[in-house]
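The values are calculated or read from the model by the stated rules, or taken from the named source; none is laboratory data. This one's a predicted model, so the numbers in the text were calculated from it and none came from an experiment. Glycine also receives a Cβ, built like all others from the backbone with ideal geometry; neighbour counts cover every protein chain displayed.
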Amino acid sequence: MIISKIAIFSMLATGLLFGATYSHAQTDTHSHTQTDTHATPSSTSNSANDLQIPRAMQIEHDTLHSDLVALTKSGGLTGQAAQQVAKVLDHHFQKENEYALPPLGLLVPLSEGKFDCSMTAVLPMTDKLRAGMPVMLAEHKDIEAAVSDLKKAATSENNAEGVRFADELAAHAQTEEQVMYPAALLIGLYVKGKAAHCPG
């Protein structure tokens with residue numbers, strides 16, 4: 001499942017990057033004779049005004065959260081370790097939901113060549129993510145350490161659910177670092193380039 005998600009996001013991000021490169025080349029060639037017909041206000045429903053985290057990702061976050069809550073109530077060393085994971089994870093998830101993941105709601109429409117000038121509303125999010133990347137990655141290190149302790153505790157108590165959750169959360173963090181965060185930043189760069197053709 002993790003591999004298929006990485007493949008899907010990688011293909012979409014590659015398509016977006018190709019589109020950004022092609023658009024830049026076209027702009028350089030025709031900047032004195034043409035305007036970008038896509039960089040105008042429109043009624044598209046994929047604008048940043050109603051930006052949402054992709055549903056599959058929101059479901060995954062919700063599932064991880066509910067599984068973690070259950071583990072914190074399991075008692076023993078596993079429960080204690082799960083509580084430590086929750087301490088470092090909750091605030092991190094809040095920041096992701098605030099500005100790291102919503103930009104990905106534009107990935108599909110942008111990869112299809114659709115653009116709306118209202119999408120520039122995503123730029124404060126992607127700028128905030130870019131500035132906060134060192135902190136986000138440092139928090140991942142804290143989460144990784146807590147997850148490692150959870151897996152050790154769960155293994156010692158033969159808690160299969162604890163081990164499974166630890167493995168899933170570790171893979172989720174890697175997917176964010178290698179695919180989701182870079183894709184969100186790429187969206188910001190692409191939209192910023194397109195914004196040059198927007199009025200005002």
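Of note:
- Residues of region 93-123 classified as part of a helix (DSSP H, G or I) and either within 12 Å of the chain's Cα centre (by Cα) or free of Cβ contacts under 8 Å to residues at least 24 places away in the same chain (or both), total: 14
- Filter pass, Gln84 being crowded, with 17+ Cβ neighbours inside 10 Å, over 20 Å from the mean Cα position of the chain (by Cα), of a type in the set (S, T, N, Q) and over 16 Å from Glu168 (Cβ atoms): yes
- Within region 89-109, being touching a Gly at 6+ places or on another chain (Cβ under 9 Å) and either buried (at least 24 other Cβ atoms within 10 Å of the Cβ) or over 16 Å from Ala184 (Cα atoms) (or both) holds for Ala100, Pro103.
- Residue match in region 65-88 (condition: modelled with pLDDT of 95 or more and acidic (Asp, Glu)): yes
- Residue match in region 134-148 (condition: polar (S, T, N, Q) and within 25 Å of Thr78 (Cα to Cα)): yes
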